[in-house]
Structures are given as C-alpha cells and as structure tokens.
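Here is the structure we will look at, set down as structure tokens.
The values are calculated or read from the model by the stated rules, or taken from the named source; none is laboratory data. The model shown is predicted, which means the values in this text are computed figures rather than measured ones. Here the Cβ positions follow ideal geometry from the backbone for every residue, glycine too, while neighbour counts run over all protein chains shown.
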Amino acid sequence: MFWRVIKITDMIRTIEDLEKLYYSRKGLNFLSQNDLNADFVNKVDDPVLTSTTGVYNAVFGAQAWVQLNMEANSFSMMGKFPWSRSGWRVISARSGTQPYGGQTVTGTLPESVKPTFAEVSTVPKISALVFEVNEVQEYLASVGAQGDDTYANMVELKAYMANEHREDLNAQLNTENGTLAGTNFESLDRVVGNNTEISTLTQSGGGAYTAGDLDMYASSQFDRDSGTSWRDAYMSGATSDRSLTDAIIQTVMQNTLNSGANRAGQVWQTGYDTWATINQLYDTQVRYNIIGEAKIQPGVNGILSLEGHGVGLTVAKLHHAALIESKNTVKDTISRLYLFDISNPEGFDYPRLYLKIAKPTQFFEAGINAGSPFAVDKFSDKGMYRTMGELKCSFFAAQGKARDLKG
C-alpha cells in the first residue's frame, strides 16, 4: 500500500482556497505551529477611533431641542380685547335692603333710592424680552449648512424667543398675590383675593401679608385692607394645608354662583399635580360625569366651548366646566384651584375677566441685518418682543379659588 503526501500548497489554487484554509475552523488543522506564534495571536492593533484626535467632529445641526416646558395656558385662556379706556365704573352696593316692600293704594310714593358707585382705573403695562446676536455669530450660523456647524442666528432665536415671551406673560399672570405687580401684569391670584385672606392667612412660603399686598392696580380706590367689600373674590383657605375634598370644590362652585357667576362662562385652572389629585378623588364616581373631557377652541377671545362638536382641542372637564392646567399655577403643597368667570352675559364691551391689550405683541429688530448698526452701537443685532396691556377684572365676586391644599 502506498501513501501519497499532499502538501498544503497543492490544495491552494485560488484566493478563495486560501481564505477557506485560514478562515474556516477546519482550516486551522493545516496550520503549522509556526503559523500560531505569539506575534500572530497577540498582535498589537492601532485602529482609528472616534476619540482619535483630529478625526471625529460632531455636527449638531441647525436645531436645538428645548428641554423646557414652555406652555402658556393661562395666557391663552384669557380673552384679549383692545384698550379703549383706562377706567371703569362698578356698582358696589344695591340701592337698599330687599325686599323693599309693597305700597298701599292710598299711601304716598316711596322715597327715591340709588345704588352705590365706585371707580377703578389703571394704566397699561409694558412687557418686553430683548435678545442679541453679534455679527460673527450671525455670519457663522447663517452659513452653517455649507461650513461651520453653528446655531443661534436671529431667525432661529426669533422663533424661540417668541415662545419665551409668551411664557413670561404666563408667569406674570400666575404670580402669587403677596407679590406686588409693580411693572408686571397683575396676576390671577391677586384677582381672586379678599380681606379675609390678607387678615388671617399667610403666603405659600409662610410669609405674612402686609398692608397693601392685595390692593390691585396700585390704586387708592382698591383697598382690600379696610374690610370686606365689593373688591373681594371668593376664597377657601386654611391656616395649614388640608386635603383636597369634593366639599372644598363644591364650596367654590356654590359661592361663586351665589355671588352672580355665570355657570356657562366658568372655567377651572390648576396645576398638573392638583388635577392628578382630583382624578384620584373621583375615580370611583366617573359614572356621575363629575370629571371628563370637553372640546374648546382657544383664540384671541379666550376659550370658547364647543360642546356637541367633533373639532377643537380636548381639555379636562370638572363639574361640566372646562379645566385648564398650567405649570405656573401658584402652589402651596399642591397647586391652587381657581374657578374663573370669563364670560360676558351682560353684553358689555368687555367680559368679566380678560386681558386688555393696548399694543399687541410685536417684534422689533435693529443692528447689522436691519442696516442700522449705529442704533445698537456695536457689531451685532438686537431683537425685542413687546406687549402692552393689563389683566382686568370687572366682577370680582364671580371669581373663586381654593388654596392651602395637599394631595
């Protein structure tokens, strides 16, 4: 019997044969010990990595993802009406005590009577947001698609700052009532304040109120310190935070309606935390339709109910009134709960609670792009959003709130 020795080189005819030999597990059997030396097994690689200096450069693109909640639901909820006059009259008391009583056919006519009148006035406030981009940054950001990857030219910041200006107005509207408005818009929490609140309760942080804290419009005609009056809204509060209950919610509803609120024009506002507490409160009672959803249409006139329509934005509903949530709502342990009357059942020029706008939000720009570098006196561009107006309330007793709440 004869044995033929086949050499490895006889088996390799093509590059594919070579790959099969070295890359397959069976092919390892043909390797000599010299082919498996230490240098082969423990080779030292030096690959190019993303961390290699001068190789990798991240390109971020011409967008910036905002990591902030910039909703402005309170501002959107309020109707906006043009500023035609700075003052308004109120009837602060009836003409006498009712019932006045009947008269005999032979008696003399009763004496004439008149209601009590009061006047309130205020001037518009200016809210402005200014931002700036220098000429070099503007140039690099403008040619980013062709070269450098740079963000934040005037066009990009203009879109972002518009949202921030609206959010700033929303924050002003939700400032706690113990903070004087000053040059800011008056706040909704100050609208829904009364003499009892300033005389018996403290602010959310525990600080005491001082005289004049709840006197809106910086007006001597609007004094809440002197005693209860027509200037008082309804307020449910406590000296320490208490659990939110259905009784508290019902009390706010009953007292505002008893004072003349228009049920069809009422809207709730609270924070996301308090709305979660309300949902837990009524989880077992949803069959009574206490909570649910409502269709609304926001616009310059505030929010309009669209019951029966399949269009519009879907919002929460509590006791048949729409509920608006805002992150800026004043908090104690959890956010306060407001019930506003933003309707106009009398058919007057203005509703009961609204934003009076002297000059609507406008954008102004000056600098290199606008051809006016001398206006800003530097090589840059400045932009500004400006809104002029004020929050107005013509019927305080129709507004209500529950404060000092916890889950």
Number of positions in the range 367-387 that are aliphatic (A, V, I, L, M), part of a strand (DSSP E or B) and buried (at least 18 other Cβ atoms within 10 Å of the Cβ): 0
Residue list for the range 148-190, restricted to those being of a type in the set (A, V, I, L, M) and closer than 16 Å to Ile126 by Cα: Ala162, Leu169, Ala171, Leu173, Leu180, Ala181
Positions within the range 310-329 being in contact (Cβ under 8 Å) with a residue 60 or more places away in the chain and either assigned to a strand (DSSP E or B) or surrounded by 21 or more Cβ atoms within 10 Å (Cβ to Cβ) (or both), in sequence order: Leu318, Ile324, Glu325, Ser326, Asn328, Thr329
Residue in the range 329-348 that is among the aromatic types (Phe, Trp, Tyr) and modelled with pLDDT under 95 present: yes
In the range 250-268, residue farthest from Asn344 (Cα to Cα) [restricted to those that are in contact with a strand residue (DSSP E or B) (Cβ under 7 Å, 6 or more places away or on another chain) and of a type in the set (A, V, I, L, M)]: Val252
Those residues of the range 216-245 which are of a type in the set (D, E, K, R) and either surrounded by 21 or more Cβ atoms within 10 Å (Cβ to Cβ) or touching a residue at least 40 places away in the same chain (Cβ under 8 Å) (or both), in sequence order: Arg224, Arg231, Asp232, Asp241, Arg242
Selection within the range 228-238 - modelled with pLDDT of 95 or more, touching a helix residue (DSSP H, G or I) at 6+ places or on another chain (Cβ under 7 Å) and assigned to a loop (DSSP other than H, G, I, E, B): Asp232, Ala233, Gly237
Number of positions in the range 183-201 that are surrounded by fewer than 17 Cβ atoms within 10 Å (Cβ to Cβ) and either under 21 Å from the mean Cα position of the chain (by Cα) or β-branched (Val, Ile, Thr) (or both): 3
Subset tally (residues that are surrounded by 17 or more Cβ atoms within 10 Å (Cβ to Cβ), closer than 21 Å to Met70 by Cβ and among the polar types (S, T, N, Q)) for the range 140-182: 5
Qualifying residue in the range 212-227 (condition: farther than 27 Å from Lys406 by Cα, more than 27 Å from the chain's Cα centre (by Cα) and modelled with pLDDT of 95 or more): no
From Lys401, Lys392, Lys356, residue being assigned to a strand (DSSP E or B), over 30 Å from Asp241 (Cα atoms) and either under 23 Å from the mean Cα position of the chain (by Cα) or modelled with pLDDT under 95 (or both): Lys356
Residue in the range 59-76 that is within 30 Å of Thr387 (Cβ to Cβ), part of a strand (DSSP E or B) and in contact with a Pro (Cβ under 9 Å, 6 or more places away or on another chain) present: no
